[in-house]
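Structure first, then comments.
The values are calculated or read from the model by the stated rules, or taken from the named source; none is laboratory data. Bear in mind the structure is a predicted one, so any value in this text is a computation, not a measurement. With ideal geometry, Cβ positions are generated from the backbone for all residues, glycine too; neighbour counts draw on all protein chains shown.
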């Protein structure tokens, strides 16, 4: 009988820990090439359309920033959660609720038009996302529920709530019965960074600022120390006088707030109204972003751009070589798989043991 | 030395030039050692001297870089613990790996290389326990057993493999003196049968008493092979440490002192099935006093420490009082701010975060008390100030480390313990509570730590030491109380305390009867 087991390595290679995301990227490209081969496409062409072409034109670089903004915002928030050992899987739901809460003003009170509308919308989006993340956090801190399940289930609640809103009470009265809200008025739209050259909006600036601030907090302040200590060693965290329950709330509120900000920025900056579906799975893809960026906010900026490229590449490949845009999801899945596999193999090695009863059958010990 | 080794060509085990490298560090550097049949051979050395590395190579858990192992005259390579067991080498670890919720027999069954029915295992275990004077009920749940009994399970588990060489790692560190005596009788029986024992210990008196020969390691090298009965404890210690171990100096405490730490009617229900509940604990520690709490591990010391440190709060505010003020409702940071300091038993994972650096670990226990020095506004850490303090502590306590600011896990146990104790002493706390201050720590570091605790008390602080090591308590305490099943006896002044008296209390005798009432299990 053959048995495969993982054996912990006595020491990890620092070199390979640093290289791991790049190795994972390379393996994803190789596996992607094989996938295109099976789809009957020329892998070199396909990879070119997927990963190179979107980087060659200015407008598409703007699209890259549009897609990267929510991924980075959510990803850095998730890094606080994951570093402190809180497994928030529900960023997608917090993104949606942030978008809904932020849209109340332009949708329900379209007559209220002032420069203050946009700041209020952003604030309400932040509060909405944080409050929605507060539910699994409170359940975990108070009753010890599993936050993976509760936060994930709340995603579906949020999606269906949005669906109901745009088909029901919030449907645009002048919209020919399409399931959409009215379009946001000019005061409710997040402006472009560089209107002359493309669509990239201020959400990308928010993302970069959030990443820099959280990088500083994590690496230089007592709060960051608390996050990492509780995550690494909960008992030592308690000995230091830090409260685990308060950290659960803190981590979820921060990541919910950033997911909510991402939601309202996306709706206000990129879409301009609420629709039944406002996210191609940013909240889930951001989990990959967080891990590919090694839970380091600066790494997450880079990882967010890479994953944004996979979305763009999916669209581009759909047009130019006629493959399904599901290919983008396949790439993201492979990337997460390879990142986790690389990390696992840095910490463990594989041992294959054959349990053959070879020579020298053990005598079951007769005593002298 | 080489001449004597030549004569032992027919040794049971003959190790030559065994070497193991970790990076550039030579953990073991050409170790020679020979064990005869029917010999109890001591392996002595400070923490970090290479004892564990050496033993792990013998037991197949580590692969040697160079050197040969001869077993009954034949050269062997031991690639795994399974192969070691097949050769006839058994090991009893210092930390037990037993499942609390299973019975003794079930635990033994799980560890067998060849599956056997539970009934047969239980019968065999009972047979062995009778033959070797290791009283044990194979059907008892491990969670209900004392540490001594758990150790017997490990020994029986080892004996079931019919080993010719048994490696014991610090076996008496968890036993009462009476239990230790019983263990020595068992070892004598094994020896008469012609089995050999490699006995790792830092208790020199014990080594002198039961071991035939000793090998002393220092910094990965063999310093000497000797006959321990011809050495004195201090000559052995000198070989281990390289110079004279300072004897701990203690002065008589002065009278009329204020109470700095007071515990009144402290009770606590067990949080989970294998925790111990505390009932009605009273104690007071005065300024300038070192009070010891003796007891076999698992009698509520951990739970008591959690309650006193404030990791778990009390219902009544006056259950714990620090420097005359109620502290029962304050958390650990609040109690630190009142002038108390705490050192828990577990170094890695409780006192220190393994993957964090020493300076981060300094911040761990002092981020509140020393906020002014270590943090600037908005909670930004002053890395420079923290690093400087960490350096100061490392120098004061002679913490030996390979780099400027290594991760906690890179330090040997003794060095890390010196650091976590020094981290608190550096604050000059008025109240110090320490759980197992020198557990698994080498003689040199232990002496240093004990002296530091006595000096702290001499400066007018109250020191509470929870320890399983009676020698240690007798060395440093002004009075000793005993914890058994979550109850605490009245303190016995050191002048009236004897090993026997304390040992009996540890075994569960009540002070009134003063007769051994060892509990039936």
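Surrounded by fewer than 17 Cβ atoms within 10 Å (Cβ to Cβ), in contact (Cβ under 8 Å) with a residue 12 or more places away in the chain and in a helix (DSSP H, G or I): is that true of residue B:208 in this structure?
no
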### Query
Condition test on residue A:335, is it assigned to a helix (DSSP H, G or I), more than 14 Å from chain B (Cβ to nearest Cβ) and more than 18 Å from residue A:29 (Cβ to Cβ)?
no
### Message
I need a count of the residues in the range B:189-223 that are under 27 Å from residue B:505 (Cβ atoms) and modelled with pLDDT of 90 or more.
### Response
1
### Task
Among the residues of the range B:366-381, count how many are more than 10 Å from chain A (Cβ to nearest Cβ) and closer than 18 Å to residue A:214 by Cα.
1
### Query
Residues of the range A:1-26 being closer than 30 Å to residue A:310 by Cα and free of Cβ contacts under 8 Å to residues at least 12 places away in the same chain, which ones?
A:14, A:15, A:18, A:19, A:22, A:26
### Query
Going by the structure shown, is residue B:456 in contact with a strand residue (DSSP E or B) (Cβ under 7 Å, 6 or more places away or on another chain) and either modelled with pLDDT under 85 or closer than 30 Å to residue B:269 by Cα (or both)?
no
### Message
Going through A:188, A:130, A:137 one at a time, which residue ends up being crowded, with 18+ Cβ neighbours inside 10 Å, closer than 17 Å to residue A:264 by Cβ and under 19 Å from the mean Cα position of the chain (by Cα)?
### Response
A:130
### Task
Restricting attention to the range B:275-313, report how many residues are away from chain A (no Cβ under 14 Å) and at positive phi.
5
### Query
For the range A:196-220, what are the residues that are in a helix (DSSP H, G or I), more than 19 Å from the chain's Cα centre (by Cα) and crowded, with 18+ Cβ neighbours inside 10 Å?
A:217
### Query
So which residues in the range B:326-349 are touching a helix residue (DSSP H, G or I) at 6+ places or on another chain (Cβ under 7 Å), more than 8 Å from chain A (Cβ to nearest Cβ) and in a loop (DSSP other than H, G, I, E, B)?
B:327, B:328, B:329, B:345, B:347
### Query
Would you call residue A:266 surrounded by 24 or more Cβ atoms within 10 Å (Cβ to Cβ) and out of contact with any strand residue (DSSP E or B) (no Cβ under 8 Å at 6 or more places or on another chain)?
yes
### Task
Please specify each residue of the range B:350-360 satisfying the condition of being in contact (Cβ under 8 Å) with a residue 40 or more places away in the chain and facing another protein chain (nearest Cβ under 8 Å).
B:351, B:352, B:353, B:354, B:355, B:356
### Query
Quick one: in the range B:131-180, which of the residues that are in a helix (DSSP H, G or I) and either within 14 Å of chain A (Cβ to nearest Cβ) or at positive phi (or both) is surrounded by the fewest Cβ atoms within 10 Å (Cβ to Cβ)?
B:131
### Task
Quickly run through the range A:221-257 and pick out the residues that are within 26 Å of residue A:203 (Cβ to Cβ), in a helix (DSSP H, G or I) and at the interface with chain B (Cβ under 7 Å from one of its Cβ atoms).
A:223
### Query
Would the range A:300-311 turn up any residue that is modelled with pLDDT under 90 and either touching a helix residue (DSSP H, G or I) at 6+ places or on another chain (Cβ under 6 Å) or assigned to a helix (DSSP H, G or I) (or both)?
yes
### Message
One residue is enough: does the range A:147-166 have a residue meeting the conditions loosely packed, with under 14 Cβ neighbours inside 10 Å and not in a helix (DSSP H, G or I)?
### Response
no
### Task
Have a look at B:17, B:38, B:23 and point out the one that is modelled with pLDDT of 85 or more, surrounded by fewer than 17 Cβ atoms within 10 Å (Cβ to Cβ) and within 28 Å of the chain's Cα centre (by Cα).
B:38
### Message
Just to be sure before I move on: is residue A:93 part of a helix (DSSP H, G or I), closer than 25 Å to residue A:157 by Cβ and either modelled with pLDDT of 95 or more or touching a helix residue (DSSP H, G or I) at 6+ places or on another chain (Cβ under 9 Å) (or both) in the structure I sent?
### Response
yes
### Message
What's the number of the only condition in (1) surrounded by 17 or more Cβ atoms within 10 Å (Cβ to Cβ); (2) touching a helix residue (DSSP H, G or I) at 6+ places or on another chain (Cβ under 8 Å); (3) within 14 Å of another protein chain (Cβ to nearest Cβ); (4) more than 17 Å from residue B:269 (Cβ to Cβ) that residue B:322 fails to meet?
### Response
(3)
### Message
If the requirement is being in a helix (DSSP H, G or I) and more than 30 Å from residue B:22 (Cβ to Cβ), which of these qualifies: A:18, A:24, A:31?
### Response
A:31
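Among B:245, B:276, which is the only one that is modelled with pLDDT of 80 or more, in a loop (DSSP other than H, G, I, E, B) and buried (at least 17 other Cβ atoms within 10 Å of the Cβ)? So that I can check it myself, show each step before the final result.
Values: B:245 fails: modelled with pLDDT of 80 or more.
Being modelled with pLDDT of 80 or more, in a loop (DSSP other than H, G, I, E, B) and buried (at least 17 other Cβ atoms within 10 Å of the Cβ) holds for just one of B:245, B:276, which is B:276.
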### In the range B:498-513, residue nearest to residue B:258 (Cα to Cα) [restricted to those that are buried (at least 22 other Cβ atoms within 10 Å of the Cβ) and modelled with pLDDT of 85 or more]
B:502
## Note on the structure
Of (1) over 15 Å from residue A:272 (Cβ atoms); (2) in contact with a strand residue (DSSP E or B) (Cβ under 6 Å, 6 or more places away or on another chain); (3) touching a residue at least 12 places away in the same chain (Cβ under 8 Å), residue A:220 satisfies every one except (3)
### Task
For the range A:269-278, enumerate the residues that are surrounded by fewer than 24 Cβ atoms within 10 Å (Cβ to Cβ) and not in a helix (DSSP H, G or I).
A:272, A:273, A:275, A:276, A:277, A:278
### Residue, farthest from residue B:145 (Cα to Cα), within the range B:469-489, restricted to residues that are touching a strand residue (DSSP E or B) at 6+ places or on another chain (Cβ under 7 Å) and in a strand (DSSP E or B)
B:479
